[in-house]
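Have a look at the structure below before the remarks.
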Amino acid sequence: MKIRSLTLKNIGVFEDETISFPEKQDKDLAEIHILTGQNGTGKTTILQALAGGVSFSTMGGIDISEIYLHDTKSTNNFSKKFINKDSTTTISFENNYEFSFNYHPLSPWNVPKNEHFQNTRAFAYSGYRFIEHQEYINVKENLKYYPLLNALEFVKEYGENDYTLNQWLANNISKRSFARDEGNEEKAKVFDRNIKLLEQVIQEIIEKPIKFEPVYETGIKIVANIEGKKLDFDLLPDGLRSIISWLGDLIMRMDALKWKDDLPIFEREFILFLDEIEVHLHPSWQRKILPVVQKLFKNAQIFITTHSPFIVNSVDGAWIHKIELTDRGAKIHPATVSENGNSISYVLRETFGIKEEFGLEVNNDLEKFYQFRDKLLAGNLNGSEYKFIELSKSLAVQSLELNTIIQFELRQINKVLNTNYSL
C-alpha cells in the first residue's frame, strides 16, 4: 500500500490544498517524499495528517467525528475521508495487493498467534527522542507486547513496565548466547540477525564500528561498544542516541511482527514518517542517514520533514515538496526530484529560498559592492570611487573566497571600462 495524495481543507494553515505523491523512479530504492518549508508552513501538519490517515486514531490533535472509506476507480485503490464540522481531510492510497484494511484493536491478546501481517504497516518517529540507559534488566519476554501499539506516535515514551529497546537487545543477546552454548548456531543466527542489522546501519552512518553488548552486574545492562570503549547510552552523543532510539525501535517492532514467508525486515513494504530526524546530527551524519535508509528499506515509502539542505542534497530520486506561506495560507508547489549532483548552495537557493552565502554583515557589504559595481559600469558612481575601492579592500581581506570574487569583478570592470582599479 502506498499513499498517493492528501487533500487538506481548512486544516491548520491549509485552506484547500492537495498534495500528490508520485511513484519512485528506482525500484531498488525506497520511495522518499521530503517536505520542506519555513517554520509554520504546515510540514508537521501534513505528516500528522498522513499518520492519522493510516491509523484510525485522532489526526494531529484534530477531533475526527466521522470516518468514511470509499472505493475510487478500482478495488485496488481507496480513499479515506475525515470530516470534522468545518474541515475535511482526504487521503488516497494505492494498494499493491488484495485490498484489506484490518487493523486490530490495540490489545495484544486480541491478535491471533498465527496471524501474518501481510499488509503495509506504518511507523512514525521524531528526531527529538533519545534512547535512555537502563540498569538491571531482567531477561524475560513481555507476552503482552503489541508492536503496533503507539507505532504512529512521533515521540514515544516508555512506561515503567513497557517493553523497551534495552529489553529487546538484552533478550536477543541472551538467547543468542544460550543457543550457542547449546551448539545450535542456526538458532543463534535468528537472534543475532536483527541486532547485526541495527549495528550495520548505525555503523554506515557514523563510520565507526559499534556493538551492543551486555554488562553483567546485579542484573544485565546494555552498553554500546564503540571502537573498544563501552559506554552507557546516557554517555553517548545526543545525535547517536537519537539514531539508535528511532532505528532500534523500528527494527524491534518489525522483528516482533509476523510477516508472510518470514520476509526479512529490509525487504518488507511499510510506511515511515520521520519528523526532523536531523536534529542533533552533525552535517556529516545528516548527509549519510537518508541514503542508508533509502537503500536498506527499498520497499518502504518514507515521508520526512526537514530544515536541512544536507538531508535534501544527500539522495537521488527523492521527491521534494516545497511549501510556502501566502496571504491565503500555505501553498504546496509541484514535486521536484532531488539530485545529489546539485551543490549545497543550489539546494539552499532553490529549495530553501536562501540566496545569501556569507554571514549577514559580510553579505550586506557584498550587496553594497555589487551596487557600486553596477553604478560604476553605468557611469553613475558620481565620485564615489574611493568608497568603492575601500569596500573592495575590506571584503577581500576577510577570506580567500571573497578575495577571489572581488579580484574577478575588478578585472571585469577594468576590461569593460579600460580602467585600472586594483586592491
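The values are calculated or read from the model by the stated rules, or taken from the named source; none is laboratory data. Because the structure is a prediction, the values reported are computed rather than measured. Heads up, the Cβs are rebuilt from the backbone with ideal geometry, glycines too, and the neighbour counts pull from every protein chain shown. Note: accessible area is taken over every heavy atom of the protein model, side chains too, but ligands, DNA and RNA are not part of it. Shrake-Rupley method; radii C 1.70, N 1.55, O 1.52, S 1.80 Å.
Computed with a 1.4 Å probe over protein heavy atoms only, the accessible area of residue 365 comes to about 30 Å².
P(r) tail for the range 300-423: Cα pairs beyond 25 Å make up 47% of the total. One decimal place: the segment residue 374-residue 421 gains 15.5 nm when fully extended, by the rule 0.36 nm per residue minus the C-alpha distance. Length gained on full extension, residue 260 to residue 211, computed as 0.36 nm times the residue gap minus the Cα-Cα distance: 14.7 nm.
Relative intensity of the range 122-259 on a log10 scale, I(q)/I(0) at q = 0.09, 0.11, 0.19 Å⁻¹, equals -0.25, -0.38, -1.24, per a Debye sum over C-alpha point scatterers of equal strength in the absence of solvent.
Over the range 163-247, what relative contact order in percent results from Cα pairs under 8 Å that are six or more residues apart? About 22 percent, as a whole number.
Roughly speaking, to the nearest percent, how much of the range 325-423's 1.4 Å accessible area is carbon and sulfur? The partial results should precede the final answer.
On the way: 3180 of 6630 Å².
On the range 325-423, the fraction of accessible area on carbon and sulfur atoms equals 48 percent.
You can think of it this way: the chain between residue 411 and residue 367 has 14.0 nm of extra reach, that is 0.36 nm per residue less the Cα-Cα gap. Other residues within the sphere of radius under 12 Å centred on the Cβ of residue 151, judged by their own Cβ, net out at +1 (K and R +1, D and E -1).
Roughly how far apart, in whole Å, are the Cα centres of the range 127-141 and the range 260-279? So the two Cα centres are separated by 21 Å.
If you take the Cα Rg of the range 215-284 and divide it by 2.2 N^0.38 Å, with N the number of residues, what do you get? The partial results should precede the final answer.
Working: Rg = 15.5 Å, N = 70, 2.2 N^0.38 = 11.1 Å.
It is 1.40.
Spin-label model, residue 267 to residue 16: label points 7 Å out along the Cα-to-beta-carbon direction sit 4.7 nm apart.
Our note on the geometry: Cα centres of the range 188-205 and the range 363-389, 60 Å apart.
Sorting 266, 154 on solvent-accessible area from highest to lowest, probe radius 1.4 Å, gives 266, 154.
Relative contact order, whole percent, for the range 204-305 stands at 26, derived from Cα pairs under 8 Å and 6 or more residues apart. Couplings for the range 264-270, taken from phi via the Karplus curve 6.51 cos²θ - 1.76 cosθ + 1.60 with θ = phi - 60°, read x, 4, 6, 9, 7, 9, 8 Hz in order; Gly and Pro are left as x.
Only protein heavy atoms count here; on that basis, with a 1.4 Å probe, residue 307 has an accessible area of about 70 Å².
What the phi angles of the range 297-306 give under the Karplus curve with 6.51, -1.76 and 1.60, with θ = phi - 60°, is a coupling list of 9, 5, 9, 7, 10, 10, 10, 9, 9, 7 Hz, glycine and proline written as x.
Over 26 Å between Cα atoms: which of 43/368; 230/295; 2/211; 144/221; 43/258 fall into that group? In this structure, 43/368; 230/295; 2/211; 43/258 lie more than 26 Å apart at Cα. Under 5 Å from the amide H of residue 259 lie the amide H atoms of 117, each residue being 5 or more positions distant or on a separate chain, with H modelled from the backbone and absent for Pro and chain starts.
Here's how it looks for residue 300: its modeled amide H is under 5 Å from those of 31, 270, which are all 5 or more places away or on a different chain.
Each peptide in 286-292, 321-327 gets a packing score, the mean of other Cβ atoms within 10 Å over its residues, and the list from highest to lowest is 286-292, 321-327.
Between residue 178 and residue 339, the FRET efficiency from the beta-carbon distance, with R0 = 60 Å, is close to 0.75. Backbone phi angles across the range 271-280, fed through the Karplus curve with coefficients 6.51, -1.76 and 1.60 (θ = phi - 60°), yield HN-Hα couplings of 10, 10, 10, 10, 10, 6, 6, 6, 4, 6 Hz in residue order; Gly and Pro are listed as x.
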